[in-house]
Amino acid sequence: MGEIGNHIQKETYESGKNRHTHEAKSFQSTILKIVGAFLLLLLLFFCVNLGAGSVIRHQVNESVESIADSYVKEIVYQFGAADNYLADLVFLDNDVESANYNYEENHLWFIQSAQNVNDKLNSYRYALGEQFGFLVYYASHDYYNMSERGSLTIPETSRLKESLRAFMEEDRGEVHAILGTEWKILRISAKWYAVNYSYYHEVYACSFVELGNLERTVDRIEFGKSIDLVFASADGEFYTHGEELMERRLSGQAKKALSGKRMSGYRYFLVGREIPGADLHLVLVVENGEGNIGSMIMQWILLMIMFVGVVFLIWMSRYSKRMLLDPLRYFFENLEKVAVDEESAYFENSAILELQQANALYKKILDQAHQLKIEVYERTKEQQQLQIEYMQLQIQPHFYINCMNMIHNMSCMGDEEGVQMMAAHVSDYFRYIFGSSQEEVGLREELKHIENYLEICRVRYRMKVDYRIDVPDQIDGIKIPPLLLHTCVENAVKYGCRQGDVSVIGIRIRRDAEEDGEYISIEVTDDGPGFEPKILEQLAKREEIVTSRGTRIGITNAIKRMEHRYKDRFRIEFSNRVDGGARILIEIPVEMECGE
C-alpha cells in the first residue's frame, strides 16, 4: 500500500508539474505574441510619424488663418449690432424722445421714460456678452442714461462719462445728424476703448468697449499659455499685450503681420487682419515651431521607452508568473469569499506581505463604506436645505434696480416728498426680503409685505395699479413659506397690468377643513390678458417657463419650494378667468406657530 500510495502521489505530482509547465509555456507564448504585435506597432508608428509632421504643419497654418478670419467676423458682427442699437435709440426710440422733451415739462413721464431707456441699454449690454457699454447723453439737459457699469468703480464711471461726452462734442463739430458707422480708438484713464456714437436733436447715443475686454466677446480657441490675440493700430501701436510681445521679441514680426502677411518663425506663427469699420487691426499669435520640435522629441523618447519596455517585459514574464500572478489569483479568490459571506479570510497562500495586509484593509473599507452611506444621507438632507434657501434668494434684481433708479430720478427732479415716500416703501420691502431667511413666516406678515409692494407698484406705474384683499379673521399664527404669496402677486403685476388702464389685483384667502386636516387656499387674480394656452400647458406639466419677456423663475421656484416642504400635500392651479385675466390658486396644509 505504501508503494502504491507513493506511486499515485508521484503521478499526481508529475501531472501537476506537466500542467504547470503547459500553463507556463502558454503564458510565455502569449507574451511573445504581445511583443511581436508591439514591435509591429512601433514600426507603423515610426513611419506615420515621419510623414505626419509636414501635413500637420500645413493644416495648422491654414486653420490658424481661418480662425483669424472668424475672429474678425465675430467682432465686425458685434460692432454692427451695436451700431444698429445706437441708430434705433437716436432716430427711432420713443422713450429717448420722451425723456428728452419731458425733462422739464412732466417729471413723472421723464422718470418712466428714463427708466425704460436704462432697461434697453442693459438689454443691449447683455445681448453683446456684458462687455460692451451703452450711454445716452441729453446735451440740452446735461443728463445721462447709462447701462450697468460692470467692474468699473463710481469715480471711473464718472471720468468715463465726461471723457466720452467731450469726445463726442468735439468730434461732432457743427454736424446736425450723425449715423455712427466708424469705430474709433480712445485712451481713457490708461485704458484703450473702441467707441462709436450717433447724434440727432441734441441726443448722443454712444457704445464703447475696453479692448482688453473685447477679447472676451470672441468665441476663442485656446492655444496654450502664450498670448494669442493682440489689438493694434495700423501704424503698429499695440493696444493690448504690448509688453508680452516685447518680452518674447515678437514686436517686429507682429508689426509686419499687421499688413496682412503671414509670419512663420521657429517658435511662433503670426497672422494679421484688419477689422472693417474700425481703426483697429487684429494679430493672432500662435506658438508652433518649438511645440512641433518638442512633440518630435517626445515621440522619440516614447519610442525608446517602449523599446526598453519590450526587453523588460520579456525578463519580467517569468518572474511575475512566479512571484505575482499566482499570489494575485489566490488573493482575488479570497476576495470573492469575503464579498459573499462578509467574513475575513487569511491569505496563507500568499508570500507577499502586502497582499496579506490587503485583507485587513478590505475589511476596513467595508466599515468605511457603511459610515459613508450615513454621511451621504446627512449631506443630502443638508443640500436640500441649502437648495431651499437658495430658491428663496433666487429673485431677479431687476425690480431692485428699477426702485433705486426711480428714487434717483425723483431726487434729480427735486421731488422730495416722493423720494421720502418711495424710500420708506423700498426700505420696508428690502427689510422683509432680506429678513426672510427662515423656512416659514406668518401669513399676516406676508400680507403686510404684499401691501407695501403694491404701493411701490402704484408709484412705479403712476397709480395705474389697484388691489383688493379679502382675508378672514382666523389667520393669526398661520405660517407659510416666505415670499410664496409675493411670487404670485409679482407675476400678476408683471404680466397682468395693462398699458394705460387701471389694473386690479385680487387676493382672496380662505381656511377650509378637509378629511386629512385643515388647508388654507390662496387665490390671486388679475384683469389682464391672462395666460397663453401654451403657458398654461407648460405650467400644468410644471416645466420651466421661458417666453419672449423672460423666464418665469419665480413660479418655478414657488413650485419647487412647496414640493420640498409639503411633498404631495399641496395643490397649485393656473387658469384664466371667465371675465378676463389670470388666476392662480394654491392650497397648502395649515401650519401654526408653536403654542397656537
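The values are calculated or read from the model by the stated rules, or taken from the named source; none is laboratory data. In this text the structure is predicted, and so the values were computed from the model without any measurement. Every residue, glycine among them, receives a Cβ derived from its backbone with ideal geometry; neighbour counts consider all protein chains shown. Ligands, DNA and RNA are stripped out before the accessible areas are found, and what is left, the full protein with its side chains, is counted by its heavy atoms. Shrake-Rupley method; radii C 1.70, N 1.55, O 1.52, S 1.80 Å.
Annotations
- Counted residues, the range 79-108 - those being touching a helix residue (DSSP H, G or I) at 6+ places or on another chain (Cβ under 6 Å) and farther than 20 Å from Y200 by Cβ: 1
- Among the residues of the range 136-153, the ones that are of a type outside the set (S, T, Y) and part of a strand (DSSP E or B) come to 3 in all.
- Residues within the range 520-549 that are in a strand (DSSP E or B), more than 22 Å from E455 (Cα to Cα) and either small (G, A, S) or open to solvent by less than 20 Å² (accessible area, probe 1.4 Å) (or both), tallied: 2
- Per-region count, the range 550-592, residues within 21 Å of I520 (Cβ to Cβ), assigned to a strand (DSSP E or B) and modelled with pLDDT of 90 or more: 13
- Residues (more than 17 Å from R273 (Cβ to Cβ) and modelled with pLDDT under 80) located in the range 229-259: none
- Of all residue pairs spaced 6 or more apart or on separate chains, those with beta-carbon atoms under 6 Å, a first member in the range 221-247 that is at positive phi and a second member that is modelled with pLDDT under 80 and not hydrophobic (A, V, I, L, M, F, W, C) are G224/E287.
- Among residues of the range 167-186 that are more than 13 Å from F208 (Cβ to Cβ), those with a Cβ under 6 angstrom from a residue that is open to solvent by less than 90 Å² (accessible area, probe 1.4 Å), sequence gap 6+ or separate chain, pair up as R172/Y199; A177/Y200; I178/S198; I178/Y199; L179/A87; L179/S198; T181/D83.
- Among the residues making up the range 428-447, those that are part of a helix (DSSP H, G or I) and either surrounded by 12 or more Cβ atoms within 10 Å (Cβ to Cβ) or in contact with a Phe, Trp or Tyr (Cβ under 6 Å, 6 or more places away or on another chain) (or both) are D428, Y429, F430, R431, Y432, I433, L443, R444, E445, E446, L447.
- Residues within the range 237-283 that are open to solvent by 10 Å² or more (accessible area, probe 1.4 Å), part of a loop (DSSP other than H, G, I, E, B) and either farther than 27 Å from Q78 by Cα or not hydrophobic (A, V, I, L, M, F, W, C) (or both), tallied: 15
Matching residues to (1) of a type in the set (S, T, N, Q); (2) surrounded by fewer than 21 Cβ atoms within 10 Å (Cβ to Cβ); (3) modelled with pLDDT under 90:
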| position | (1), (2), (3) |
| --- | --- |
| V90 | no, no, yes |
| V96 | no, no, yes |
| N102 | yes, yes, yes |
| W109 | no, yes, yes |
| S113 | yes, no, yes |
| V136 | no, no, no |
| A139 | no, yes, yes |
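- Any hit, the range 134-152, residues being of a type in the set (A, V, I, L, M, F, W, C), without any contact (Cβ under 8 Å) to a residue 24 or more places away in the chain and closer than 25 Å to T217 by Cα: yes
- Of the residues making up the range 180-209, those that are under 22 Å from D88 (Cα atoms) and either open to solvent by less than 10 Å² (accessible area, probe 1.4 Å) or in a strand (DSSP E or B) (or both) number 17.
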